[in-house]
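Working notes, structure below.
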Amino acid sequence: MKRVCLRRMVITTAVTFLGSSISALGAPALEEILVTAEKRVESLQDVPVSIVAFNQESLENLGISDIKDLAAQVPNVQIGEFTGSSTTVRLFIRGVGQGDVQVTQDPSVALYMDGVYIGSSVGTAFETADLQRIEVLRGPQGTLYGRNATGGAINIITREADPGGLRVKQSFNVGNLDLFRSTSLVNVPITDVAAVKLAYTTYSRQGWVDNLGNGEDFGKEDRETFTGDFHWDIGDSQELNYQYGQSSIKDTSRLSQTLGFDPNAPLASVIRFQNPAVDANGIPVEATGDRLEHATSFDEQLQGDVQIHAHTLNYAWEASDTLTIKSITGYRDVNAFTQNSQVPTSSLLGLYSITNGLIDTSFNQFTQEFQLIGDADSLNWVGGIFYYEDESEEYNNGNSNGSEAIPAGELIDYTSTRNKSLAAYGQLTWTPPQLGENWHFTVGARYSDDHRKAYRDNNRVSYGLGGVPTSIPSFQANYDKSFSKFNPSFTIDYDINAFSNVYAKVVTAYKSGGTSQRSTNLLNFQEGFDEEDLTSYEVGYKGDMANSRVRLNAAVFYMDYGDYQQSVPTGNNPGERDFVNIDSADIKGIELELTLAVTERLTGNISYGYLNSSFGPESITYLGLDANAPDGLSPRTDRLTDDLAFAPSHSATLSLDYAHPLSFGLLTANINAQYQSKTNSGVVEPTGYLDKRTLLGATLSLSEIQLGSSYGALKVLLWGKNLTDEEYFIGNIRQAAFDDLGFVDGVATFGDPRTYGITLEYEYL
């Protein structure tokens with residue numbers, strides 16, 4: 001066995017590392033946290049990974065209702081919407097992530113749902129009805145989680161159907177902005193060894209920016225999720241779990257507003273600027289960097305429509321006391337019609353609109369993974385084979401939905417992809433008894449083979465000054481390349497005593513190359529870009545002190561990237577972009593987490609993340625659009641930013657939990673705060689930025705209100721987010737063309753204003 005947990009009694013339910021409630025209101029002590037970060041159940045304190053975990057109770061106490069809320073509770077983690085797409089989540093960990101959503105691109109942070117890898121960012125802003133735990137793994141996880149885990153991994157684990165007894169749950173959540181969420185759940189045992197669970201969630205919220213023009217308000221949300229789960233314990237050693245999930249997301253895009261307009265800019269005189277900013281009476285006001293509550297969409301603001309169907313089949317067989325065999329099969333189908341409102345104005349440049357790009361996407365994937373998990377004497381190990389394939393199609397009308405001069409619907413790009421990936425991996429940990437079982441040596445490796453195909457029919461037209469079309473040769477092109485990589489890793493950790501340990505690790509990882517569906521020329525599309533490689537060095541400490549009343553975890557890391565992949569503008573508008581390789585980049589950082597059981601009822605947590613990132617070269621040269629060049633293309637050189645995108649230098653969280661038993665229930669309260677310093681939103685100067693922010697949240701609940709001995713219990717929860725009504729960006733697009741045309745500081749999307757509400761929950765167990 002790797003090690004025996006001597007410091008705490010093993011608990012059956014994992015509790016959160018951040019803001020964990022003290023379930024036993026006796027002695028003030030922190031409980032053990034159980035995670036599955038390395039494909040087996042282990043104590044979080046024993047896993048040599050910088051990891052944060054949340055259970056169902058802590059998710060509620062911290063006001064985490066979807067994956068986007070995680071960023072407010074985990075330093076060095078950025079989770080937000082892509083600009084103009086409310087249903088697509090952008091994931092960054094330690095400054096590593098996907099800066100542009102494309103069907104030809106994979107995320108750089110691996111997202112897993114019940115063990116199944118989710119290969120596309122489209123439609124990841126879905127609701128989940130019965131969460132059991134969320135784990136956030138910071139740093140590259142190339143051995144166990146694959147080529148697309150260069151930044152880290154996020155595991156979402158839902159609760160399985162339970163043959164142990166009947167369970168009924170109903171919750172209602174109402175709040176400002178006409179928020180309404182209802183979750184209905186029933187778990188029914190079929191036999192002593194089998195059960196079925198059904199869950200349904202509906203969620204709706206009005207947009208917080210009134211659209212006084214055409215169509216729906218900005219930021220309106222309307223979502224439904226249904227899941228059906230079947231669990232079967234096959235004898236004493238086998239279990240099977242099948243889950244079907246269906247999600248419907250019908251949201252409108254958020255308002256992306258111009259932060260300012262300078263009429264004295266070099267080319268501002270050619271702009272016929274129709275400002276979307278208006279007051280409550282619809283009277284136009286100056287472009288501003290303040291968050292708008294009213295705006296006018298000159299083109300109809302449509303509601304997006306995303307439909308998701310997912311199937312998951314998990315099988316586990318304990319073949320012996322020392323060997324477990326697992327099979328994880330997943331299929332996911334996404335059909336998305338979205339509206340990308342980058343700039344909600346008409347006639348920015350003459351007689352056409354660059355607003356309301358209409359995108360129709362279909363994506364499906366199949367995954368199959370086999371795992372062998374075992375231990376024998378001083379060894380434990382995990383090995384597996386992973387297969388992945390996906391297909392996608394996307395129709396995009398580019399950056400024009402029609403004008404007086406150009407009919408709508410004639411400028412459509414078409415892109416299709418077909419990707420396959422096969423990998424074999426293994427990880428072995430040796431605890432030599434000769435060294436007192438205090439030393440643990442882990443070696444791991446993964447071999448990946450990727451084959452990527454894409455086809456594009458480019459009919460995009462770029463627009464120059466005054467709305468005059470600039471000739472870009474249309475093309476039909478194929479992309480077909482293969483990539484392979486062997487990535488080893490090595491970790492050594494030492495148990496200082498039964499309560500603390502230190503570790504050091506060297507990890508290699510890679511992300512396969514590919515191409516860009518936004519390319520404006522044949523050559524860039526056909527050549528694509530190369531794979532990115534990284535080597536990560538990390539040293540960490542995990543320890544409990546003062547009779548398990550104090551927990552301190554710390555990590556120091558350095559990540560060295562080669563051929564770092566980034567999206568850069570190659571045309572006259574933000575939609576014309578290519579991915580390129582930057583020779584080198586490095587990221588240095590620190591992560592600190594301190595949890596205190598102040599009293600038997602009060603728990604506090606403070607965590608901090610620091611990032612220092614930079615590029616090796618000061619500038620980058622690549623092929624870009626140039627109307628004056630004979631073929632429309634010419635090399636262009638742009639200066640790189642000093643820091644990487646979405647890599648704030650400082651981020652921190654503070655959380656306080658209080659629990660007080662009453663004669664008729666349990667009173668709990670939580671207050672939490674999150675700080676993030678200013679960070680870039682792009683890598684080429686000039687670039688947009690996300691300004692610094694401090695967000696405050698709180699919850700107050702009364703739970704375990706018993707309705708007699710056999711009628712279940714009630715819970716009442718008051719919650720609030722962004723209580724100070726902070727104005728902050730979640731996206732900001734800026735490039736040289738914007739500056740020349742007078743758009744000061746770019747075009748930005750704001751995060752939610754103050755939101756608050758009440759939740760009423762009934763549960764029968």
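The values are calculated or read from the model by the stated rules, or taken from the named source; none is laboratory data. Every value quoted in this text rests on a predicted model; they were computed, and no experiment measured them. Because the Cβ atoms are built from the backbone with ideal geometry, glycine has one as well, and the counts that use them run over all protein chains shown.
Can you tell me which residue is surrounded by the most Cβ atoms within 10 Å (Cβ to Cβ) among those in the range 23-59 that are closer than 30 Å to G175 by Cα and out of contact with any Asp or Glu (no Cβ under 9 Å at 6 or more places or on another chain)? Top of the filtered list is N55. The residue pairs whose first member lies in the range 647-667 and is farther than 25 Å from G712 by Cβ and free of Cβ contacts under 8 Å to residues at least 40 places away in the same chain, whose second member is hydroxyl-bearing (S, T, Y) and assigned to a strand (DSSP E or B), and whose beta carbons are closer than 7 Å, counting only pairs six or more residues apart or on different chains, are S649/Y610.
Residues in the range 700-731 that are touching a residue at least 40 places away in the same chain (Cβ under 8 Å), assigned to a loop (DSSP other than H, G, I, E, B) and within 30 Å of G99 (Cβ to Cβ): E727 only. For the residues T694, T759, T755, the requirement of being out of contact with any Gly (no Cβ under 7 Å at 6 or more places or on another chain), crowded, with 18+ Cβ neighbours inside 10 Å, of a type outside the set (D, E) and more than 30 Å from A268 (Cα to Cα) singles out T759.
Determine, yes or no, whether L198 is in a strand (DSSP E or B) and closer than 26 Å to S710 by Cα. So L198 passes the test.
Against the condition in contact with a Pro (Cβ under 8 Å, 6 or more places away or on another chain) and modelled with pLDDT under 90, how does S121 come out, does it pass? The answer is yes for S121. Taking the listed residues D229, D222, the one that is farther than 30 Å from L358 by Cα, assigned to a strand (DSSP E or B) and touching a residue at least 40 places away in the same chain (Cβ under 8 Å) is D229, with no other qualifying.
Among the residues making up the range 513-549, those that are charged (D, E, K, R), under 24 Å from the mean Cα position of the chain (by Cα) and buried (at least 21 other Cβ atoms within 10 Å of the Cβ) are R518, E532, E538. Here the condition is being modelled with pLDDT of 80 or more, at positive phi and among the charged types (D, E, K, R); of R40, R94, it holds for R94 alone.
Picking from residues in the range 532-550 that are touching a Gly at 6+ places or on another chain (Cβ under 8 Å) and at pLDDT below 95, the one that is nearest to L594 (Cα to Cα) is L534.
When the range 163-195 is filtered for residues that are in a strand (DSSP E or B), over 21 Å from A125 (Cα atoms) and polar (S, T, N, Q), the ones remaining, listed by number, are Q170, N187. Each residue in the range 295-326 was checked for being surrounded by fewer than 16 Cβ atoms within 10 Å (Cβ to Cβ), part of a strand (DSSP E or B) and among the polar types (S, T, N, Q), and 1 of them qualify. What are the residues in the range 194-219 that are touching a Gly at 6+ places or on another chain (Cβ under 8 Å) and more than 22 Å from S171 (Cβ to Cβ), if any? Within the range 194-219, G207, W208, V209, L212, E216, D217, F218, G219 meet the criteria. Among the residues of the range 219-230, at least one is buried (at least 21 other Cβ atoms within 10 Å of the Cβ), acidic (D, E) and farther than 22 Å from F337 by Cα.
Between T201, T191, the distinction of being touching a Ser or Thr at 6+ places or on another chain (Cβ under 7 Å) and of a type in the set (V, I, T) belongs to T201 only. Scanning the range 575-587 for any residue that is closer than 20 Å to A737 by Cα, at pLDDT 90 or above, out of contact with any His (no Cβ under 8 Å at 6 or more places or on another chain) and of a type in the set (S, T, N, Q) turns up nothing. Hey, any hits in the range 176-196 for a residue that's in contact with a helix residue (DSSP H, G or I) (Cβ under 9 Å, 6 or more places away or on another chain), crowded, with 23+ Cβ neighbours inside 10 Å and within 29 Å of S701 (Cα to Cα)? No. Filter the range 652-696 down to the residues that are among the β-branched types (V, I, T) and outside any strand (DSSP E or B), then identify the one that is farthest from G720 (Cα to Cα). So the residue we want is V683.
Candidates are the residues of the range 713-752 that are out of contact with any Pro (no Cβ under 9 Å at 6 or more places or on another chain) and basic (K, R); the one that is surrounded by the most Cβ atoms within 10 Å (Cβ to Cβ) is K721. Taken residue by residue, the range 617-635 has at least one member that is of a type in the set (D, E, K, R) and without any contact (Cβ under 8 Å) to a residue 24 or more places away in the chain. Within the range 700-746, the set of residues being out of contact with any strand residue (DSSP E or B) (no Cβ under 9 Å at 6 or more places or on another chain) and on the phi > 0 side of the Ramachandran plot comprises G708, D725. Just the residues that are touching a residue at least 60 places away in the same chain (Cβ under 8 Å), in a loop (DSSP other than H, G, I, E, B) and either small (G, A, S) or in contact with a Cys (Cβ under 6 Å, 6 or more places away or on another chain) (or both), please, taken from the range 529-549. Matches in the range 529-549: S548 only.
What is the residue count in the range 76-100 for residues that are more than 12 Å from the chain's Cα centre (by Cα) and not hydroxyl-bearing (S, T, Y)? The qualifying residues number 5.
Matching residues to (1) within 28 Å of the chain's Cα centre (by Cα); (2) modelled with pLDDT of 95 or more:
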site	(1), (2)
W232	no, yes
G235	no, no
K250	yes, no
V270	no, no
N275	no, no
T288	no, no
R291	yes, no
L302	yes, no
H309	yes, yes
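Regarding G152, is this residue at positive phi and crowded, with 23+ Cβ neighbours inside 10 Å? Against the criterion (at positive phi and crowded, with 23+ Cβ neighbours inside 10 Å), G152 qualifies. In summary, K678 fulfils each of the numbered conditions (1) on the phi > 0 side of the Ramachandran plot; (2) surrounded by fewer than 16 Cβ atoms within 10 Å (Cβ to Cβ) with the single exception of condition (1). Only residues that are farther than 17 Å from K39 by Cβ and buried (at least 20 other Cβ atoms within 10 Å of the Cβ) were counted in the range 327-337, giving 3.
Checking L700, L707 one by one, the residue that is exposed (fewer than 15 other Cβ atoms within 10 Å of the Cβ) and out of contact with any Ser or Thr (no Cβ under 7 Å at 6 or more places or on another chain) is L707 and no other.
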